[in-house]
Every structure is written in C-alpha cells, then in structure tokens.
Amino acid sequence: MHVLILGGTTEARRLAENLAAGTRPDLRVTNSLAGRVGAPRLPPGEVRVGGFGGAEGLARWLREHRVDVFVDATHPFAGTVSFNAARAAAVTGVPLLALRRPGWAPVEGDVWHETGSLEEAAGLLPSLGRRVFLTTGRLGLAAFAALEDLWFLVRSVDPPGAPAPARMEVLLDRGPFTLQGERELLLRHAIDVVVTKDSGGRATAPKLTAAREAGLPVVVVRRPPVPAGVPVVTDPGAAVDWITERLRPGTSPARTEP
Ligand code: NAP
C-alpha cells in the first residue's frame, strides 16, 4: 500500500511519524517536498524533492508509483499544488484528503485588519504604521517593494532575493517562537505594525499575542480556500484514521487505470 504525502509542513511530518509508528508494516510512505528550503527537517519514510510538472505530472506520478491514497498536507497558502492535487485526484480516481491546521481567530484586544492578498496588505500599511514586522515569507516580498517610506523587519527561513523593500533588515530564523522572544523583538525594533498570513498553528502564534499586548495593529492575509470536493481534516491523527479506513483489508481505494 502506497501513501503519498504532499508536505513541507509540521503537520505533514507528524502524519509521516504517526504512520511510521503505526501497525502497518506493508505501508509505503513517500513524502514529497517542493525543495524551497535549504535544509528541511526530513520526515520518516521515503522523500522525493521537486515539482511534479503540474497536475498532469502529478497524475502521471500517482499512476507510475501506484499510489493508493494521497494527502495534501502542504501549507494553507500553497494554493497551486493544492489545486493540482485536486485535479490529479479527479483524473486518476486516487482518493485525496487535505490536512490543514485550523486558522487563527482574533480574540478580545486584537486589532486585526484582514486582507485577501499580500498586495492588499501592502496597500493598507502606510495608514497603519512606519516600522513593519513582516512574516509572510521571503517569496512574497515583491508586493512590499514599492513602500519606500516604510522600514521592514523581514523574518524568513532562507535569505530573500529581489525584488524586496529598500529599507529592510532580514532576520533568518525558523519557528517555534516564544512569547518572550516576540515581545523583545517588537520592542527592540520599535515595531508599530505586524503583517502575517493566517497560517494557523502554535509555532508562530506568539507574535499575535505579543502584538495584542503591545496594542499593535496586525494585518492578516486570509487563506485561499481548499479546492471544492476535497475532504478536509485538521489534525494528523484524523488523517491517519482516514488513511486506515481507506486501506482496510477488503476495501480497495478507487483507482482509474490510465
Ligand atoms: P505552491 O505555490 O502551491 O506550489 C508551486 C509549485 O511548487 C507547485 O506547482 C509544484 O510544482 C511545487 N510544489 C509545491 N509543493 C510541493 C510539494 N510538497 N511537493 C512537490 N512539489 C511541490 O507552493 P509554495 O507556496 O511555493 O510552497 C512550496 C512548499 O513550501 C509547499 O510544500 C508548502 O507546504 C511549503 N510551505 C509553504 C509556505 C507558504 O507560505 N506558501 C509556508 C511554509 C511551507 P509542480 O507544478 O511542478 O508540481
């Protein structure tokens, strides 16, 4: 039985760990990573790195490697690969599950400005502050490049490339982050506005608490939707249950032969 996990997230790694610790020695697990991060934390099981070549390439891969079920456990903002996965599932008939950590929700005291895109977030910033803590990842910096009057503290796992804001300091770091660390960061850099994607999860949430405590506005970029028709679970345990149910002896996952 072959399970493919489209990964690059903590949840994907947890799912692979849960499957490796399970009671199915006949289970073959392949983890797929995009290859964006220089030194990724590797999950147990086989690991392949790099794109498939769109939905068609992914469908071909599913067939050639006789995948029985696959899980889209990519980041909530990795919209292209999620769309491709849904297309490939429709074409091949290989059952697909989306594993998405829940998004964040504002609590009392939060001053959130929700936007639909990085560009919209950039449009809001000049009215909210001058010193920005930007945590939306190194790949979306172009959206903020024209904001020459603002200063940015950009935190990312790997160094960003151009185009990027002219007035910027880069902090290379990877979560989990602590509340105390985030409080100190905001103070040290005299931050007056924070920008984040609604990534969800605990590892990067302390910045929201620190911003709330300091009374700072937070621009929150909303997630793209999960493609229609793809079932969704929010934790790796539920994904294991879904996989186990589909691979129960006597049940055969639907698969359309090429
Ligand atoms: P994306 O825009 O949805 O994907 C762009 C292309 O990268 C896809 O079309 C696909 O290429 C390839 N790709 C993406 N994820 C892949 C995977 N797990 N395995 C193989 N190929 C993959 O994705 P992204 O936003 O660039 O994110 C790339 C990876 O970083 C994802 O695995 C995601 O989980 C992780 N990540 C993303 C974010 C974020 O904020 N976007 C944050 C943390 C981690 P082909 O079309 O050639 O197959």
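Any chance segment 39-52 includes a residue that's open to solvent by 20 Å² or more (accessible area, probe 1.4 Å) and in contact with an Asp or Glu (Cβ under 8 Å, 6 or more places away or on another chain)? Yes: segment 39-52 contains one or more residues that are open to solvent by 20 Å² or more (accessible area, probe 1.4 Å) and in contact with an Asp or Glu (Cβ under 8 Å, 6 or more places away or on another chain). Listed conditions (1) outside any helix (DSSP H, G or I); (2) open to solvent by less than 50 Å² (accessible area, probe 1.4 Å); (3) within 14 Å of the ligand (Cβ to nearest atom) are all met by A16, apart from (1).
Would you mind stating whether S117 is open to solvent by 30 Å² or more (accessible area, probe 1.4 Å), hydroxyl-bearing (S, T, Y), in contact (Cβ under 8 Å) with a residue 12 or more places away in the chain and within 15 Å of the ligand (Cβ to nearest atom)?
On the way: open to solvent by 30 Å² or more (accessible area, probe 1.4 Å): yes; hydroxyl-bearing (S, T, Y): yes; in contact (Cβ under 8 Å) with a residue 12 or more places away in the chain: yes; within 15 Å of the ligand (Cβ to nearest atom): yes.
Here the answer is yes, as S117 does meet what is asked.
Just one of the listed residues (P76, P43) is more than 19 Å from L139 (Cα to Cα) and either in a loop (DSSP other than H, G, I, E, B) or over 20 Å from the mean Cα position of the chain (by Cα) (or both), and it is P43.
A single member of T92, T74 is within 30 Å of K207 (Cβ to Cβ), buried (at least 17 other Cβ atoms within 10 Å of the Cβ) and either of a type in the set (K, R) or touching a helix residue (DSSP H, G or I) at 6+ places or on another chain (Cβ under 7 Å) (or both), and it is T74. How many residues, within segment 19-38, are more than 14 Å from the ligand (Cβ to nearest atom), open to solvent by less than 60 Å² (accessible area, probe 1.4 Å) and hydroxyl-bearing (S, T, Y)? Going through segment 19-38 one residue at a time, the tally reaches 0. Yes or no: segment 242-257 includes at least one residue that is open to solvent by 20 Å² or more (accessible area, probe 1.4 Å) and at pLDDT 95 or above. Yes, segment 242-257 has at least one match. Close Cβ contacts (under 6 Å, 6 or more residues apart or on different chains) running from residues in segment 22-47 that are more than 18 Å from V71 (Cβ to Cβ) to residues that are open to solvent by less than 70 Å² (accessible area, probe 1.4 Å) and at pLDDT 95 or above comprise G35/G50.
Selection over segment 163-203 of residues that are open to solvent by less than 50 Å² (accessible area, probe 1.4 Å), among the aliphatic types (A, V, I, L, M) and touching a strand residue (DSSP E or B) at 6+ places or on another chain (Cβ under 8 Å) gives a count of 7.
V94 meets all of the listed conditions (1) outside any helix (DSSP H, G or I); (2) farther than 29 Å from P176 by Cβ; (3) free of Cβ contacts under 8 Å to residues at least 40 places away in the same chain but one, namely (3).
The values are calculated or read from the model by the stated rules, or taken from the named source; none is laboratory data. Only a predicted model underlies this, so the values are computations on that prediction, with no experimental measurement involved. All Cβ positions, even for glycine, are placed from backbone atoms using ideal geometry, and neighbour counts span all protein chains on display. Surface areas here come from the heavy atoms of the whole protein model, side chains and all, with no ligands, DNA or RNA. Shrake-Rupley method; radii C 1.70, N 1.55, O 1.52, S 1.80 Å.
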